[in-house]
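The values are calculated or read from the model by the stated rules, or taken from the named source; none is laboratory data. Predicted, not measured: the structure shown is a model, and the values here were computed from it. Cβ: placed from backbone, ideal geometry, glycine included. Neighbour counts: every protein chain shown. These area figures cover heavy atoms from the full protein model, side chains too; ligands, DNA and RNA do not enter into them. Shrake-Rupley method; radii C 1.70, N 1.55, O 1.52, S 1.80 Å.
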Amino acid sequence: IEEARIKAITSASTAMVRLYWNVGKKIVEKQESSSWGANVIEKLAKDIQSAFPAYKGFSRANLFHMRSFYLAYSKSLD
């Protein structure tokens, strides 16, 4: 039981890291291709919260964290 619980937690954590990575990557790509500014991240946060009100963790600040996460670790993969 404990082993299955740990596997479930690990899988969920891996999925969240992938989600944050992908959101950060998309934000960076959009900013590079269309000169996105901070206001667009704020609008994106509102759009996500409006479309998925039950989902937590997509505030303006968290989107900036996802972007920073992607930028910090994508450079280490080059």
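Which of the numbered conditions does residue 34 fail, given that it passes all the others? Conditions: (1) open to solvent by less than 80 Å² (accessible area, probe 1.4 Å); (2) modelled with pLDDT of 90 or more; (3) hydroxyl-bearing (Ser, Thr, Tyr).
The one condition residue 34 does not meet is (2).
Which residue pairs have Cβ atoms under 7 Å apart, sit 6 or more places apart or on different chains, and have a first residue in region 32-59 that is more than 19 Å from residue 19 (Cβ to Cβ) and a second that is in a helix (DSSP H, G or I) and open to solvent by 90 Å² or more (accessible area, probe 1.4 Å)?
From residues that are more than 19 Å from residue 19 (Cβ to Cβ), the pairs are 36/30; 42/60.
State which residue is most open to solvent (accessible area, probe 1.4 Å) when the search covers only region 37-57 and only residues that are outside any helix (DSSP H, G or I) and not hydroxyl-bearing (Ser, Thr, Tyr).
Only one residue tops the list, namely 56.
If I go through region 58-78 residue by residue, how many of them are basic (Lys, Arg) and open to solvent by less than 60 Å² (accessible area, probe 1.4 Å)?
The total comes to 0.
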